[in-house]
């Protein structure tokens, strides 16, 4: 796989749950079909938005396999496999059955707070072991450690099967440094819905999105306009969703997006502890925002 495979809108899909906490497979099927009909370009399964931290290995395998079965080759699939233990992450590459998947998204190590050299060696080890192309993922707000522009470029130059980075630092100086110095065949993917438009203006190839779980057609259309250089057409769609995007993370993710999806009848508003559903106050705001563009 090359970076071009993952141009446009990827969706970090939620994991629907039943009220008792079990995985809601019928709702997951409905979601995959909804996103396909919404014309997104690819799906990311078991990223952070999928509440991966609260799923056991058996549940993860069932979700990987079920999504691949429902997708039936229609869209490229990315498997979220990361962790703060390099050896265990590498073991997961081979212990999961990833039939039907095209790449792996691997978040930088969290909690350990490794040095930049440690981050480089982690991704180099993953690169040497991965059976699929890799997308690295920098999200310092969750991991506690930023993968610097210098380290990202070094990884891009030395690890040729790491084809892109999902960059969620929100630091535009860092984003521009990566864009300026990265190899041409290494991709930049937005990890923040709200700044996808300006990131594409700087050269990003698209986004791995949360809001597109609920609004795939609008958001993917906005991204396609941006990639075509038609920012005049993209801006109204961006501003249509900007307040919605802000509510997604006001009380933690994926509580916000699941609230929208519940109102739309896509899946229930059920999450696993320690994540909890949004407050009644935020839910009222979500209902109003949804009604405004229904």
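Its Kirkwood hydrodynamic radius, worked out from the mean inverse distance over all distinct Cα pairs, puts the stretch 153-193 at 10.4 Å. At 222 nm, what value in deg cm²/dmol follows for the chain if DSSP H runs of at least 4 each add -39500 (n - 2.57) and the sum is divided by all its residues, to the nearest 500? Here the helix-only value at 222 nm equals -14000 deg cm²/dmol.
Note on the stretch 1-74: Kirkwood radius taken over Cα pairs, Stokes-Einstein applied at 20 °C and 1.002 mPa s, translational D equal to 166 µm² s⁻¹. Multiplying the residue separation of residue 185 and residue 102 by 0.36 nm and removing their Cα-Cα distance gives an extension gain of 28.2 nm. The label point for residue 91 and the one for residue 217, both projected 7 Å from the Cα toward the Cβ, are 4.6 nm apart.
This ranking places 264, 145 by how few other beta-carbon atoms lie within 10 Å of each, fewest first, which gives 264, 145. Beta-bridge orientation, the chain: approximately 5 percent antiparallel, per DSSP, counting only bridges with both partners inside.
Pairwise inverse Cα distances across the stretch 25-65, averaged and inverted, put the Kirkwood hydrodynamic radius at 11.2 Å. Between the beta carbons of residue 160 and residue 54, assuming R0 = 30 Å, the FRET efficiency works out to 0.30 to the nearest 0.05. Here the translational diffusion coefficient of the stretch 80-123 follows from Stokes-Einstein with Rh set to the Kirkwood radius across Cα pairs; for 37 °C and 0.692 mPa s it amounts to 292 µm²/s.
Rg/Rh for the stretch 66-149 stands at 1.01; both radii use Cα atoms, and Rh follows the Kirkwood definition. Over the stretch 159-294, the hull volume per residue, using the convex hull of the C-alpha atoms, is 129 Å³. Classification of the stretch 1-158 by its C-alpha gyration tensor yields a prolate form. The axis ratio a/c (a ≥ b ≥ c) is 1.5 or more, and a/b outweighs b/c. The three principal axes of the Cα atoms in the stretch 100-194 give end-to-end lengths of 32, 30, 25 Å, sorted in falling order. Taking every C-alpha pair closer than 8 Å and separated by at least 6 residues, the mean separation divided by the residue count of the stretch 3-231 gives a relative contact order of 21 percent.
Our estimate of slack between residue 202 and residue 231, defined as 0.36 nm per intervening residue step minus the Cα-Cα distance, is 9.2 nm. Each label point was placed 7 Å from the Cα along the Cα-to-Cβ direction; for residue 287 and residue 273 their separation is 2.7 nm. Between residue 117 and residue 4, residue separation times 0.36 nm minus the direct Cα-Cα distance comes to 37.8 nm.
The numbers here are math on the coordinates, done by the rules we state, and not lab data. Bear in mind the structure is a predicted one, so any value in this text is a computation, not a measurement. Neighbour counts are summed over all protein chains in view; Cβ atoms, including those assigned to glycine, are modelled from backbone coordinates with ideal geometry.
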